[in-house]
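Report on one structure; see the data block that follows.
The values are calculated or read from the model by the stated rules, or taken from the named source; none is laboratory data. Just so it is clear, the model here is predicted, and its values are computed rather than measured. Ideal geometry is used to build each Cβ from the backbone, glycine not excepted, and the neighbour counts take in all protein chains shown. Accessible surface areas use protein heavy atoms only, side chains included; no ligands, DNA or RNA. Shrake-Rupley method; radii C 1.70, N 1.55, O 1.52, S 1.80 Å.
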Amino acid sequence: GDITIPVGGGAAAITAGAIVDADINSAAQINATKIGTAGITNTEFGYLDGVTGNIQTQLNNRPQQTTADITYYVRTDGNDANNGLANTAAGAFKTINKAVSMIPTVVDHTVSINVAAGTYSETVNVMGRRGAGSITIVGIGTTTFVKSVTAFGVERLSIYNLTATDATQIGFYIQYGGFVTLSACVTTVASSADGFNISFQHGVMTSCVVSNKTGAAISVNSGVLTVDNCTGTSNVIAFYGDNSAIIHTKGSTVPAGSSYVGAATTINPWGDNTRNNRSVASATPSATQSVP
């Protein structure tokens, strides 16, 4: 009685509101407003063509990859139910880990996570990403982690202007990736743990501050670490390397602490484990030399 089909057949228009939920078999689990307002289009139904099982299971079993550059925003007044794409309370995420979880497995573009000033009580884990792109986490203003940043398997990772304040965990722990840059990062809370540990890969620390740690800058197991103009005080050990790791220093300042070098490790590419003095030899010809 709500719909009249013309004599001889043909299309029948359905007026919005003519069909209500009570008119639909509950087993169909379709909201009546979707029918009356054309909330689901033929194109959208077409997306399901060929689906043979649980959609989420199929998504989980196939690689996901970036299709363009992505910027996510994190703020203390954000919400993890947001999409993270706007730097507003209604658009940004509340936690860094939520933003990290949105990064596809395959990163072929630039993924940036801009973290607003504030304190974030979380251990940030970045792992399992691959591709030709890069991931950058940037602290805007004074951005503090009550715990730490941990990364495994990220080929190109950059971390800027973040502070780790947990007293029990390594401040910045990066392993099994390709190349990492840490710039203006800080960890100074008194701790028996280490400040920066970059192992099994290449890394650069630039203008970082590390104090009150057992080890300021650590690299082991064939890691190559450059410490460039970093500062800090009251560390037990300034540099520690082991198992064929190499630690370079650049600039005029380094974190304070006794320089301890583990077995089979060089603290500079010359192999003499000194920072300020280099062995040198020179020779000059005593007469003009003829080269045939």
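Among the residues making up segment 161-201, those that are closer than 18 Å to Ala245 by Cβ, part of a loop (DSSP other than H, G, I, E, B), open to solvent by 20 Å² or more (accessible area, probe 1.4 Å) and in contact with a Gly (Cβ under 8 Å, 6 or more places away or on another chain) are Ile170, Tyr176, Gly177, Asp194, Phe200. The sole residue among Thr95, Thr105, Thr71 that is more than 14 Å from Ile137 (Cβ to Cβ) and among the β-branched types (Val, Ile, Thr) is Thr105.
The set of residues in segment 152-180 being in contact with a Cys (Cβ under 9 Å, 6 or more places away or on another chain) and either more than 25 Å from Thr214 (Cβ to Cβ) or of a type in the set (Phe, Trp, Tyr) (or both) consists of Tyr160, Phe172. Count of segment 222-252 residues, restricted to those that are open to solvent by 50 Å² or more (accessible area, probe 1.4 Å) and assigned to a loop (DSSP other than H, G, I, E, B), is 9.
Scanning segment 102-115 for residues that are in contact with a Lys or Arg (Cβ under 9 Å, 6 or more places away or on another chain) and either at positive phi or open to solvent by less than 30 Å² (accessible area, probe 1.4 Å) (or both) returns Ile103, Pro104, Val107, Val111, Val115. Tell me the residue from Thr226, Thr206, Thr214, Thr233 that is of a type in the set (S, T, N, Q), over 21 Å from Ser252 (Cβ atoms) and in contact with a Ser or Thr (Cβ under 8 Å, 6 or more places away or on another chain), please. The match here is Thr214. Within segment 84-97, the set of residues being out of contact with any helix residue (DSSP H, G or I) (no Cβ under 9 Å at 6 or more places or on another chain) and either open to solvent by 60 Å² or more (accessible area, probe 1.4 Å) or in a strand (DSSP E or B) (or both) comprises Leu85, Asn87, Thr88, Ala90, Lys94. Please enumerate the residues belonging to segment 202-221 that are open to solvent by less than 30 Å² (accessible area, probe 1.4 Å), part of a strand (DSSP E or B) and among the hydroxyl-bearing types (Ser, Thr, Tyr). Once the filter is applied, which keeps residues that are open to solvent by less than 30 Å² (accessible area, probe 1.4 Å), part of a strand (DSSP E or B) and among the hydroxyl-bearing types (Ser, Thr, Tyr), segment 202-221 yields only Ser219. Within segment 64-83, the set of residues being closer than 16 Å to Asn97 by Cβ, open to solvent by 60 Å² or more (accessible area, probe 1.4 Å) and touching a residue at least 24 places away in the same chain (Cβ under 8 Å) comprises Thr76 only.
Do you know which residues across segment 124-143 are surrounded by fewer than 16 Cβ atoms within 10 Å (Cβ to Cβ) and in a strand (DSSP E or B)?
Restricting attention to segment 124-143, the residues satisfying the condition of being surrounded by fewer than 16 Cβ atoms within 10 Å (Cβ to Cβ) are 127-128, 132, 141-142.
Selection gives Met127, Gly141, Thr142.
Annotation: of all residues in segment 144-155 being more than 12 Å from the chain's Cα centre (by Cα) and of a type in the set (S, T, N, Q), the one that is surrounded by the fewest Cβ atoms within 10 Å (Cβ to Cβ) is Thr144.
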